[in-house]
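Notes follow once the structure below has been shown.
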Amino acid sequence: MNLFRLAGDMTHLVSVVVLLLKIHTIKSCAGVSLKTQELYALVFAARYLDLFVHFVSLYNTVMKLVFLASSFSIVWYMRKHKIVRRTYDREHDTFRHHFIVLPCLVLALLINERFTFREVMWAFSIYLEAVAILPQLVLLQRTRNIDNLTGQYVFFLGAYRVLYILNWIYRYFTEPHFVHWISWIAGIVQTVLYADFFYYYIISWKNNVKLELPA
Amino acid sequence: EHEQYDKDEL
């Protein structure tokens, strides 16, 4: 494993920890999109079907379990926890997320590395992850006051994407056989979606003012 | 047989 990949996994982990910290300690999920969280839970469920079939490493197994458990518990908190769910910004979280699941599934059936159940689910999870952030970005844009933790959550998620691209570039040169065009292209699309957010995040951080996205 | 063991990323 190279340093970019490890740093990418760690920023991904930090983003989840930041979000859980906000939900668990402040008992608030204000500004967090339930739609995005549901999509992530679906992404991990579809991708980690190989969890009990293919053993890669202890690190790999533990991280998969962490991402599965954290994504489902965030969804649980936002839907069922009696205090947390009251802070959910339902009126602004209106992205029709169900409508992006089906196109991703169709795309996975058409473009995959192998036409088997697990490979199609893997491709589906990659496509879905690429667009899963959209409801969150839409919600951020509609929210007047983006609190620091929510901003940091999205920032760390975006950092994870950038680091994964650097990891692929590194792997391309060091492991020529390792080429997964599906994840690379979808990963680049996903990272581009963050570009706008990153721009405003860095500006607000540089000027030391509260993050606010233009309408 | 090329299996999907090469999917070692998260």
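Please treat every number below as a calculation from the coordinates, not as lab data. The model shown is predicted, which means the values in this text are computed figures rather than measured ones. When we count neighbours, we look across all protein chains shown, and the Cβ atoms used for this are built from the backbone with ideal geometry, even at glycine.
Structure notes:
- Summarised in one figure, the compactness ratio Rg/Rh of region A:1-110, Cα atoms and Kirkwood Rh, is 1.01.
- Label zone at residue A:215 (point 7 Å along Cα-to-Cβ), backbone N below 14 Å, region A:25-42: none
- Where trypsin sites (Lys or Arg not before Pro) in DSSP loops with at most 16 other Cβ within 10 Å are excluded, longest remaining stretch of chain A: A:145-209
- Part-to-part distance (alpha-carbon centres) for region A:1-75 and region A:90-133, which is given in Å: 17
- Measuring nothing but alpha carbons in region A:93-215 and taking Rh as the Kirkwood radius, the Rg to Rh ratio lands at 1.04.
- Counting all C-alpha pairs of chain A, share separated by more than 20 Å (%): 60
- Convex hull volume per residue in cubic angstrom - Cα atoms of region A:88-148: 99
- Exposure proxy for A:91, A:113: other Cβ atoms within 10 Å of each Cβ, ordered fewest to most, give A:91, A:113.
- Residue order for A:168, A:76, fewest other beta carbons within 10 angstrom first, comes to A:76, A:168.
- Neighbour counting of Cβ atoms within 10 Å sorts the residues A:52, A:198, fewest neighbours leading, into A:52, A:198.
- J(HN,Hα) series, region A:125-138, from Karplus relation 6.51 cos²θ - 1.76 cosθ + 1.60, nearest Hz, glycine and proline x: 5, 5, 5, 5, 4, 4, 10, 5, 6, 3, x, 5, 5, 5
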